[in-house]
Structure formats: structure tokens, C-alpha cells
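Step one of this worksheet: look at the structure below.
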Amino acid sequence: MRVMAIVRRIANQFRRDKRTLALMFIAPLILITLINYLFDGNAVDPKIGVEGVSGEMVAQLRDTDMTVKQYDLVSDVKGTIKSDGLDAFIRQDGADVNLTFENSDPGVSKQIQMKLQAALMAEQKDTMKQLGVSMQEASAKIQQTLAMVAKQYSAQTGQPLDIPTVNLPIPKEQQQLSISTAYIYGDADTTFFDTIGPIFIGFFVFFFVFLIAGISFLRERTTGTLERLMATPIKRWELETGYLLGFGIFALAQSIIVALYSIHVLNMVQMGSIWYVLLITLMLAMVALTLGILLSTFANNEFQIVQFIPIVIVPQVLFCGIFPLEGMADWLQWVAHIMPLYYGADALTSIMVKGEGFGGFATDFYILLGFALIFMILNIFALKKYRKI
């Protein structure tokens, strides 16, 4: 009976806690649905530009599921790749093939390289076959002409004339293509982790600041500190600013430590300014800080703060750029654009992988700033539940 009493008590607790029930039964369904859409999206074919490539080669490249865009004359290959959103550019001049990769995703670069090599080998095989046939025909005609000359010589002199066997060699330049490779971002040794490393920097800063800020502000409420502060003449915006600056000092320290450790100890790719990296990680920390404080006003204990992780943090990971979004439905891509971490990850990738200046990630920065200001304003209004001023 005592055991059943405990069971009934726990069951009643769960029945009264609607948030826990939703976390257990609804949140997993939502997350697994999102993951299903993420992995069920259409594969995005690599997009390449070509110049001086034969029509047969273009057809073979398209047969390997690559989107091919033909150009007549390109003066700035790297600029064309960036402006037209190409993954690679192929320029061929006879036996010389110049291949330039965008390389923000090394996996795509390796995929293009393998498909290109297969297409080049197939084209070269066809060319060699045709060339070999034409050389054999030419050799046979020369041999026939020499035989006629020898026959006429023998008829006139009565002496036999030995003629050599003619076998024309295939020109060396037609036997082997010379392929040179260049990269806009990184090099041939760039790995997949090099490109997603900046995303994880942003994620860890966002996650831990969110968690610590939410729990810390919750303790301010449960211990009565917030209630005592609200009993003073302090204004809500002053209280909010004080909390942000207080927590922000530690958020800044965490951002600096994580960024410097990742770059100088783990040797993550760092092409841009370290100051820009710190700026974006700080902005992510401020967004996580204001969001954590905001959501903590709706929690009564630490467990309820943790309950927000599957709802708030996990979708950030799914839509921050680790999984490609281009092949997904438009509505799913729209979901990604309401996630703060999406913009933070994009900015960090632009800085660390692509070496962009402020102009390259300015939009991401201002959107993150907008998120922080919106959450801060909502926090000020949320404090009304503790005191009306």
C-alpha cells in the first residue's frame, strides 16, 4: 500500500505539471519530425562553372549529377565563384585544366574532384580511341604510298626497294592532361571539422550562457533577492541592465577563453580577425543571456529551466548550418532564419573559414543585436509580474 501511495503521488505530480508532460510526450515528436525533414531533404547537386570545355565533357559532367554553367570568357575566376554561388570552376586550354574550388565545404570539393576525374578519364579515353583510329588510318595510307613507290622503283631499276613499317606515334600532349588545383578558402588539407568548428564555438558559448543565466536568475527569484531589489526605488530597466552587465562580464570571459582555446590550442582554421570572432561570440552570449533570463521568469525550479533545452537549444543545433538546408522545403528553411544561432554560426564561418571583414557578416551581426534588444525589452516587461512601476 505504501508503494502504491508513492506511485499515486508521483502520478499526481506529473498530472499537475503540464510542462513536464509536454516535454515527455510532445517535444520528442516535434524534434524527431524536424530531424526527419532535415535528413529527408533533396540532395543539392554541386554547381560548377566551365570555360573552354568541350560539349561532350559538359554532358559527362551533367551525367554525374552536377549543375554546369558555361562561360565564354572569365577574367576573375574567384570573383565569379563568389558572385554566382559556384562550388568550383573548370577552365581548360588544350591539355591544361585549371580547377578552382570554393572549398567552404571540403566534402563537396572532394565530390567534385572525383566526378571530374571520372569525366576527364572518360573523355580522354574517347579522344584517344578516336585519335588512335585516325593515326592507324594515316599510317596505312603512308604505308600504301610507300609500297607504290617501291613497286615503281623496282619496275624501273629491276632492284627491290625495302620500305620501313610506318606506325605514327600519338602526340604526347594528347596522352596526359595537366590538372592544376586552387582553393578560395583553405587548401587540400582542409577537413570537414575545419568548416564546422566555428559553428561549435558559437553553440557552446550560446548553450552554457543560456543555461547558467537562466539558473542564476531563477535563484535570484527563489532566494528572495529579486523581491528585495524590487522593493527599492530601482527601475526595471536599471535592474535589467545591471543583471546584463553582471552576467555579461562572465559571458565575455567565457567567449574569450573558448575562442582563443579553439584557435590557438585546437588549431581551428582562423582566416579573419580574432577581434571579429570575439565580437560575434560576445553577441551570441548576450542573446543567450537575455533569452535565458527571459525564459527563467516562466520557471519555478532548475528542472524547469532544463526543460527548455529540447525546445530552445536542440532546434538551434539542427538549423545552425551543420546540416545543409538548401535541399529542404522552403518553410523549413524559413524556420532556420528565426534561430539566433543560425546567424551566429554563419558569421563565425564567414570570419574564420572565409576570412571576411565586417561587411561580410554585418547583416548577421545586426540581426543578433536585434535579437538581444528584443529579449531585453521583453525582460523589462516580464518584471511587471514582480512589481508595477
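The values are calculated or read from the model by the stated rules, or taken from the named source; none is laboratory data. All values reported here derive from a predicted model rather than from experimental measurement. Positions of Cβ are backbone-derived with ideal geometry, glycine not excepted, and every protein chain shown enters the neighbour counts. Each accessible area value is taken on the protein alone, full model and side chains, heavy atoms only, with ligands, DNA and RNA left out. Shrake-Rupley method; radii C 1.70, N 1.55, O 1.52, S 1.80 Å.
With the structure loaded, tell me whether Tyr261 is buried (at least 20 other Cβ atoms within 10 Å of the Cβ) and out of contact with any helix residue (DSSP H, G or I) (no Cβ under 6 Å at 6 or more places or on another chain) or whether it fails that test.
When the stated conditions are applied, Tyr261 does not pass them.
Taking only region 217-247 into account, find how many residues are assigned to a helix (DSSP H, G or I) and without any contact (Cβ under 8 Å) to a residue 60 or more places away in the chain.
Here the count works out to 12.
Yes or no, residue by residue, for (1) surrounded by 23 or more Cβ atoms within 10 Å (Cβ to Cβ); (2) farther than 28 Å from Ser216 by Cβ; (3) out of contact with any helix residue (DSSP H, G or I) (no Cβ under 8 Å at 6 or more places or on another chain):
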residue	(1), (2), (3)
Gln254	no, no, no
Gln270	no, yes, no
Tyr276	no, yes, no
Thr290	yes, no, no
Tyr343	yes, no, no
Leu348	yes, no, no
Phe361	yes, yes, no
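Determine whether region 318-327 contains at least one residue that is open to solvent by 10 Å² or more (accessible area, probe 1.4 Å) and in a helix (DSSP H, G or I).
There is at least one residue in region 318-327 that is open to solvent by 10 Å² or more (accessible area, probe 1.4 Å) and in a helix (DSSP H, G or I).
Working carefully through the options Gly248, Gly242, find the one that is modelled with pLDDT under 80 and closer than 13 Å to Leu282 by Cα.
Answer to the check: Gly248.
Give, as residue ranges, the helices (runs of 4 or more DSSP H) completely inside region 1-82 that count at least 3 residues that are modelled with pLDDT under 75.
In region 1-82, 2-16, 18-25, 27-39 are the helices (runs of 4 or more DSSP H) which contain 3 or more residues that are modelled with pLDDT under 75.
Kindly indicate which of Val306, Val314, Val287, Val258 is more than 27 Å from Ile367 (Cβ to Cβ) and among the hydrophobic types (A, V, I, L, M, F, W, C).
Val306
Determine which member of the set Thr145, Thr223, Thr191, Thr165 is closer than 30 Å to Ile257 by Cβ, modelled with pLDDT under 80 and over 40 Å from the mean Cα position of the chain (by Cα).
When all the criteria are applied, what remains is Thr223.
Among the residues of region 99-110, is there at least one that is closer than 19 Å to Ala59 by Cβ and modelled with pLDDT of 80 or more?
Scanning region 99-110 turns up at least one residue that is closer than 19 Å to Ala59 by Cβ and modelled with pLDDT of 80 or more.
Listed residues Leu291, Leu295; which is under 26 Å from the mean Cα position of the chain (by Cα), in contact (Cβ under 8 Å) with a residue 60 or more places away in the chain and farther than 30 Å from Thr190 by Cβ?
Leu291
What tally of residues in region 72-106 results from selecting those that are under 27 Å from the mean Cα position of the chain (by Cα) and open to solvent by 40 Å² or more (accessible area, probe 1.4 Å)?
Residues in region 72-106 being under 27 Å from the mean Cα position of the chain (by Cα) and open to solvent by 40 Å² or more (accessible area, probe 1.4 Å): 10 in total.
Just one of the numbered conditions (1) of a type in the set (Val, Ile, Thr); (2) in contact with an Asp or Glu (Cβ under 8 Å, 6 or more places away or on another chain); (3) in a loop (DSSP other than H, G, I, E, B) is not true of Ile380; which one?
(3) is the only condition that Ile380 fails.
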